[in-house]
Amino acid sequence: MITDSKIKESNLHDITHFGIRLVLGSIFIYHGIGKFNPGFGNFLVNVGVPTELQIPIALAESIGGILLIGGVLTRISSSIITIILLGAIFLVKGIDKFSGSDFTGWEFDVMLLAGALLTIASGPGRVSISHMIGKIPRFLQ
């Protein structure tokens with residue numbers, strides 16, 4: 001008879017956790033690379049965000065996605081991505097548009113935000129470079 005849950009210690013948990021990081025990282029790499037386009041700078045000006053933030057946002061999403069997939073500095077990169085997502089939800093999309101066509105609503109961003117918050121809470125997991133190295137302090141994982 002099973003009296004306690006052993007999900008956290010199972011291989012299924014490790015594979016699922018890596019899958020979440022892989023999907024989140026891939027999405028952020030894809031969207032981050034697209035933000036290097038000069039047209040994104042014009043979009044930022046139209047929504048009232050300084051154009052000087054184009055490169056930092058693009059780098060944070062691209063490099064953050066790579067770090068998420070590798071499982072290095074996952075809590076830090078997820079925290080930065082969370083800040084970007086909150087800006088996208090409240091400043092760019094507008095809180096009044098939950099859903100819309102062509103990513104005009106913020107429901108997609110909320111799903112990404114939930115994944116980023118999950119990664120902040122749970123860390124890189126056992127299928128990660130941080131776990132393989134083993135000497136990285138927990139707050140840097």
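Give, in nm to one decimal, the length gained when the segment between V110 and L12 is fully stretched (0.36 nm per residue of separation minus the Cα-Cα distance). The partial results should precede the final answer.
On the way: separation 98, 0.36 × 98 = 35.28 nm, distance 2.52 nm.
Using 0.36 nm per residue and subtracting the Cα-Cα distance, I get 32.8 nm.
Tell me, what is the FRET efficiency for K135 and I76 to the nearest 0.05, using R0 = 22 angstrom and their Cβ-Cβ distance as r? List each step's numbers first, then the result.
Details: r = 17 Å, r/R0 = 0.77.
In this case the efficiency is close to 0.80.
For labels at I55 and N37 in the simple 7 Å Cα→Cβ model, what's the distance in nm?
Taking the simple label geometry, I55 and N37 are separated by 2.0 nm.
Each value in this text was obtained by applying a stated rule to the coordinates, not by laboratory testing. Keep in mind it's a predicted model, so treat the numbers as computed, not measured. Because the Cβ atoms are built from the backbone with ideal geometry, glycine has one as well, and the counts that use them run over all protein chains shown.
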